[in-house]
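Report on one structure; see the data block that follows.
The values are calculated or read from the model by the stated rules, or taken from the named source; none is laboratory data. For clarity, every value in this text was computed on a predicted model and none was experimentally measured. With ideal geometry, Cβ positions are generated from the backbone for all residues, glycine too; neighbour counts draw on all protein chains shown. When the accessible area is computed, the model is the full protein with side chains, heavy atoms only, and any ligands, DNA or RNA have been set aside. Shrake-Rupley method; radii C 1.70, N 1.55, O 1.52, S 1.80 Å.
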Amino acid sequence: MKYSFRNYIDKYLLYFLSAGIYFFTAINTNTIAQKIELGAGIGGFNYKGDIAPSQRIRFIKPAGSLFFRFNPNQALSLRAEIAGGIIGADDKHSDDPFQLARNKSFTTRIFEGSAVAEYNFLNFQERRFAVNWSPYLFGGIGYSKFDPKVQSNPYKTSTFTLPYGVGIKYQVRRPWNIGIEYGARKTFTDFLDDLGGKPVATDKLIQGDPSLKDNYYYLRLSVTYTFYKIVCP
């Protein structure tokens, strides 16, 4: 029963995170001219872990996302996002003799849901005839599912994440906006690459570094459409 309950949480928590932005909007029902954006992004995931101790362009894999953004004021934006893509890496591209001897590789799909807050440095205003753009910082919480499907040893294939990063948004022509964003996903797992956990064998070639967690990164271009809604007090 305990195992079934955990699986239930894993399956539905992504939906709860994606819907979380709704509660932010509910507390602003007296706001005039609320602004809501729907957007889509395309870009790439990049992994960092035992097989790729540093980020490498070679290992960038395709990724995409859909998101909902609510702008309660000029400086703050709240966003819920669902993203999916692929991460992977291969020891054979390393200069490290240990990694070459290990000759490990992996590929896995990743699906994530997140809720983040964005701080706009230039008070993005969405004015009709203004040239609007702003750099921003973002941070929040997320949840990811993955499954390298190589080892026979069981381990949890989901993790909470802490997404954070930077971006730039630009209003091309009302109501259309474009943006570019780069963000990290700090995870709480060492199994994105199928190497991790406590050592279970004397053969170091089949083990990862249990002291380091795996992370991944998302670089994307996005397009959003803004809805202008008047709410009566």
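Across segment 155-191, what is the number of residues that are in a strand (DSSP E or B), open to solvent by less than 30 Å² (accessible area, probe 1.4 Å) and more than 17 Å from residue 52 (Cα to Cα)?
12
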Open item on the list: For a quick check of your reading of the model, give me the residue pairs whose first member lies in segment 117-142 and is under 16 Å from residue 35 (Cβ atoms) and open to solvent by less than 60 Å² (accessible area, probe 1.4 Å), whose second is among the β-branched types (Val, Ile, Thr) and modelled with pLDDT of 85 or more, with beta-carbon atoms closer than 8 Å and at least 6 apart or on different chains.
Closed with: 126/226; 134/168; 136/166; 136/168
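Can you tell me how many residues within segment 58-81 are surrounded by fewer than 18 Cβ atoms within 10 Å (Cβ to Cβ) and in a strand (DSSP E or B)? So that I can check it myself, show each step before the final result.
Going through segment 58-81, the residues surrounded by fewer than 18 Cβ atoms within 10 Å (Cβ to Cβ) turn out to be 58, 62, 64, 66, 72-76.
Narrowing the set further to residues that are in a strand (DSSP E or B) leaves 62, 64, 66, 76.
Summing the residues that are surrounded by fewer than 18 Cβ atoms within 10 Å (Cβ to Cβ) and in a strand (DSSP E or B) in segment 58-81 gives 4.
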Open item on the list: Show the residue pairs meeting these rules: Cβ distance below 9 Å; 6+ apart or different chains; first residue within segment 96-109 and within 24 Å of residue 147 (Cα to Cα) and outside any helix (DSSP H, G or I); second residue open to solvent by less than 60 Å² (accessible area, probe 1.4 Å) and among the polar types (S, T, N, Q).
Closed with: 108/157
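Across segment 82-95, what is the total count of residues that are assigned to a helix (DSSP H, G or I) and either under 19 Å from residue 146 (Cα atoms) or in contact with a Gly (Cβ under 6 Å, 6 or more places away or on another chain) (or both)? Before you say what the answer is, go through the steps one by one.
First, the residues of segment 82-95 that are assigned to a helix (DSSP H, G or I): 91-93.
Checking the rest, the ones that are also either under 19 Å from residue 146 (Cα atoms) or in contact with a Gly (Cβ under 6 Å, 6 or more places away or on another chain) (or both) come to none.
So the answer is 0.
Picking from 112, 126, 118, which residue would you name as being of a type in the set (Asp, Glu) and modelled with pLDDT under 90?
Working: 112 fails: modelled with pLDDT under 90; 118 fails: modelled with pLDDT under 90.
Exactly one of 112, 126, 118 is of a type in the set (Asp, Glu) and modelled with pLDDT under 90, namely 126.
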Task: Residues satisfying the stated conditions in segment 197-224, i.e. modelled with pLDDT of 95 or more and exposed (fewer than 13 other Cβ atoms within 10 Å of the Cβ) - done: 221
Task: Where residue 194 falls short, out of the listed (1) over 29 Å from residue 80 (Cβ atoms); (2) modelled with pLDDT of 80 or more; (3) open to solvent by 10 Å² or more (accessible area, probe 1.4 Å) - done: (3)
Open item on the list: Scan segment 89-105 and tell me whether some residue there is exposed (fewer than 15 other Cβ atoms within 10 Å of the Cβ) and of a type in the set (Asp, Glu).
Closed with: yes
